[in-house]
Protein chains: 2
Amino acid sequence: MSGPQSTGQVPDAQGDSPPGRRDEDAKEGTQSSHRMLGFSDALLSIIATVMILPVTHTEISPEQEFDKSMQKLLATRIAVYLMTFLIVTVAWAAHIRLFQVVGKIDDTLALLNLACMMTITLLPYTFSLMVTFPDVPLGIFLFCVCVIAIGVVQVLIIGYAFHFPYLLNSQLRTSTHRAATRQHILLLVLRGPALCFAAAVFSLFFFPMSYLLMVTVIFLPYISKAASWCRDRLVGRRQPPDHGVELFASDLQEPLSKERVEAFSDGVYAIVATLLILDICEDNVPDPKDVTEKFRGSLVAALGEYGPHFLAYFGSFATVGLLWFAHHSLFLHVRKATQVMGLLNTLSLAFVGGLPLAYQQTSAFARQPRDELERVRISCAIIFFASIFQFAIWTAALLRQAETLQPAVRFGGQEHAFMFAKLALYPCASLLAFAATCLLSRFSTTIFHLMQISVPFAFLLLRLLVRLALVALRGLQSLRPARLPPGQASAADADTQSQLLPASR
Amino acid sequence: MSGPQSTGQVPDAQGDSPPGRRDEDAKEGTQSSHRMLGFSDALLSIIATVMILPVTHTEISPEQEFDKSMQKLLATRIAVYLMTFLIVTVAWAAHIRLFQVVGKIDDTLALLNLACMMTITLLPYTFSLMVTFPDVPLGIFLFCVCVIAIGVVQVLIIGYAFHFPYLLNSQLRTSTHRAATRQHILLLVLRGPALCFAAAVFSLFFFPMSYLLMVTVIFLPYISKAASWCRDRLVGRRQPPDHGVELFASDLQEPLSKERVEAFSDGVYAIVATLLILDICEDNVPDPKDVTEKFRGSLVAALGEYGPHFLAYFGSFATVGLLWFAHHSLFLHVRKATQVMGLLNTLSLAFVGGLPLAYQQTSAFARQPRDELERVRISCAIIFFASIFQFAIWTAALLRQAETLQPAVRFGGQEHAFMFAKLALYPCASLLAFAATCLLSRFSTTIFHLMQISVPFAFLLLRLLVRLALVALRGLQSLRPARLPPGQASAADADTQSQLLPASR
């Protein structure tokens, strides 16, 4: 997806090197790690998202009742999707941390990295096993084996990199505390596998315990993130010391490189957008027999059948595209992604990954109109959460705007109000649609499609408005509350609503 | 997936801007186009590849004979896959050309680009229609409509960019021939849609003609590429004039930015690698009923059933990963991708996209052992072609090494022999495996898996050898023909074999 915005922002850890230096690298046999990281991000993001396919492929034939077994199957698959997404993002964060330490790669590291990726791709399968056979310890055992394997590979990578110091990032290469740092990093990396080893042992005689341990492994990073964030909020963030172990300790507390967050997000958005067309091509090509029999050879009539599907497809693609667009605009103005922002981004992406479900929900209307209302509401909910978490990213960024944001979108900056509008559009639209379905439940589908199709124009309109009145943004700002729909008064919006009152400077 | 290697290499067309310039951009409302291009590359690469899924999902139940209808269905889907891959790469090349002219974007351009992407995603569907109803003109008509729509969006983008010149790339911004250049570019962009308009008209009364026109549209860029290449080979390449229309004309003749070729390729490799795990998770989780009935509750026994599938998965992932690795190593040393290299890369990627088929072929052994041999051979063939085209990229690069390659891998450079070994490994291995299956047809599966599993170690060994004897590369070079298997004597290898004789300097 997208690489570093500019080498200006990229630390040597990203390993960019001007063409001139390539041949030195070639002599050493080292390479810029940049493309490999991009490829890893792509792989991980696709793995994280692609498990939504089994969910959407759950066949619900028209005559068949939406019964218990079906619900159980669907729930199972959704569980697998969420767990996969969670664990993959955790593995991804660990991968970022690892390659903040390892600045350059050579072929051996590239191959080790491939091995690491391969092991990660097996995690979804262990989840499928766990969820299909909740009372058989094999699934969890295999999961633990995978995590341990990943740990081993990462230890190999670290050991190798520290053995050939020219592979380390520039700070470490010159650092005097290298040995101590290695210890520190190894401890960080081995934390998870150690817990999993215990879990694996437990799984042999008392596996509920190992489930508990697994959950700990998965949530460990998030817990520590939240904790450190709270500490930051309370104590005020500490200045990182000039060099040495502490520096790396604090670096590893802040493991998110903006470029890689962008790359990972791009991967998720791209794969979600394309999963949609896959469904279209696989399911919506009419069967020649039907065409000749039912429609007396008229293909157009046959395609007419699929009208709602295409409408749903356009709607969903527009939604994914515009959510990406909002994310893109936001991160254009982000200098540095904090842990909280990363967490919120992950949550947002998890819901974006759910959009094919929303698509399948809306396109299934034609088949079973009876539980249409529920389906529209599910779709609205998915879109709402995907977008509201994006909004939350910005809110979180504003709380530490001095370090996280470009001046333009800070509180009072000339793009501030525009960014607010961009990010508030989808939460409001989806809330509106949801509210509307409660009032006029009969037209729920129409309302939903109307929402999906009108939002793009709203975006264009926004841009035009700002073009016309870029100088008069303050005016626009005081004018906006009138333009904002009632749905606006949601929790996350409210706390920035206050911030939108003209700044006294 | 991976962005520019360094701003040093990236022309302003890529729109990178140091953090300092961000706020100017914000004032103008312009943005670096870099991330949007990465996202587009990701989208296009996934769309191009994902149509292999219907092919692999073609169910072949054990009892059912591999009969005519099945063959027809399979052929249909493969045709759709290839056509899609071809047309998407064409659209992608056009997109590159477009954003070589447009340096920076603003929100309107970003939205227009999304619209363009959306239209492109519809092309696969029109193909499905064409192939399913070859004698109904609707499919081709819709295809033409799509192409025309894409053309319209591209014209809008160009018009918009030329209307706000600060959006153009730096050369054009300062160029005096801007108007003339716009004409030139518009003509280039409208060539395809114009042909398609004719095709659409023909499709209404005499549609075979429109198929002919469609093929012209698809192959036009390739034909012109080949032509210009031949001219270059014969006349010797002409120096591009210093500035103005001619410069852009020649730029547009050379439409491949190395970064975007890498990004597109990464996308294909990443999606292919992850499609594999999707199959594993969807198909290879045993059914609880079976486990209790057939295996008396022993899940391990049930999983034993799937042994071959996992072997096949590991093999395929390793293959995809290592093909990416070879591609990565090659492009590390590529300065500039010519048209021929781009074409060869596309061909290589088309076969890489076919690897999930190879996987499904190999993993289907358990089900129907009788046509096992054919399947192994198909897999070998796919791998062979995917890798031999990679080799061809390098060969093509060597023909113009002064401009295309870093000194290290040029003929006589210290990495030359190593690169040769890297790129020759898979062609040789797959040829060997193929040959072996002809001799010992009974053990074909074993041979194939052996090949897939031994190659990674071969790669590691290669690296070690070079590590040990980097200074003695010449020696290694004269020594290699002994190490190379007989399969080596394939066409593409032969013509560089000669180049491998020690250079006299």
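The values are calculated or read from the model by the stated rules, or taken from the named source; none is laboratory data. Please read these numbers as outputs of a predicted model, since none were measured by experiment. Using ideal geometry, Cβ is built from the backbone for each residue, glycine included, and neighbour counts are taken over all protein chains shown. The accessibility values were calculated without ligands, DNA or RNA, using every heavy atom of the protein model including side chains. Shrake-Rupley method; radii C 1.70, N 1.55, O 1.52, S 1.80 Å.
Structure notes:
- When both segment A:374-436 and segment A:267-322 are represented by their alpha-carbon centers, they are found 30 Å apart.
- Gain on full stretching of the segment that runs from residue B:300 to residue B:381 - 0.36 nm per residue minus C-alpha separation: 25.7 nm
- Gain on full extension, evaluated as 0.36 nm per residue between residue A:72 and residue A:152 minus their Cα-Cα distance, stands at 25.2 nm.
- Each pair of Cα atoms in segment B:258-476 enters the Kirkwood radius, and Stokes-Einstein at 20 °C and 1.002 mPa s then converts it into a translational diffusion coefficient of 114 µm²/s.
- The mean number of Cβ atoms from other chains found within 10 Å of a Cβ in peptide B:328-335 is 3, as a whole number.
- Sparse-neighbourhood loop sites, chymotrypsin sites (Phe, Trp or Tyr not before Pro) in segment A:133-215 - DSSP loop, at most 12 other Cβ within 10 angstrom: A:206
- Förster radius 45 Å - calculated FRET efficiency between residue B:403 and residue A:179, Cβ distance, rounded to 0.05: 0.45
- According to the Cα-based calculation, Rg over Rh for segment B:296-405 is 1.16, with Rh computed by the Kirkwood formula.
- Between amide H atoms placed 1.01 Å from N, distances below 5 Å from residue B:31 occur with B:105, B:106, all of them 5 or more places distant or on a separate chain.
- Computed over neighbours whose Cβ is under 12 Å from that of residue B:189, the net charge equals +3, Lys and Arg +1, Asp and Glu -1.
- 7 Å along Cα→Cβ, label-point gaps from residue B:156 to other copies, nm, shortest first: 5.1
- For the residues B:279, A:283, a 1.4 Å probe over the protein chains yields an accessible-area ranking, largest first, of A:283, B:279.
- In terms of distances greater than 24 angstrom between alpha carbons, the cross-link table entries A:104/A:336; B:72/B:294; A:422/B:104; A:72/A:289; A:258/B:104; A:289/B:72 yield B:72/B:294; A:72/A:289.
- Segment B:258-476: relative contact order as a whole-number percent, Cα under 8 Å and 6+ apart: 22
- Residue-span extension gain [residue A:187 to residue A:57] - 0.36 nm each, minus C-alpha spacing: 42.6 nm
- Label spacing, shortest first and in nm, from residue A:183 to its equivalents in the remaining copies (7 angstrom along Cα→Cβ): 7.5
- In this entry, segment B:124-244 is assigned a mean projected area of 9.6 nm², taken as a quarter of its C-alpha convex hull surface.
- Phi-based couplings in Hz for segment B:185-191 (Karplus 6.51, -1.76, 1.60; Gly and Pro marked x): 5, 4, 4, 4, 5, 7, 3
- Rounded accessible area of residue B:176 (nearest 10 Å², 1.4 Å probe): 120
- Sequence-ordered 3J(HN,Hα) estimates for segment B:263-268 from the Karplus curve with 6.51, -1.76 and 1.60 and θ = phi - 60° stand at 4, 4, 4, 4, x, 4 Hz, glycine and proline given as x.
- Measuring with a 1.4 angstrom probe and ignoring ligands and nucleic acids, residue A:142 comes out at about 50 Å² accessible.
- Accessible area (Å², 1.4 Å probe, nearest 10) - residue B:57: 50
- Per-copy distances of the residue B:308 label point, shortest first, in nm (7 angstrom along Cα→Cβ): 4.3
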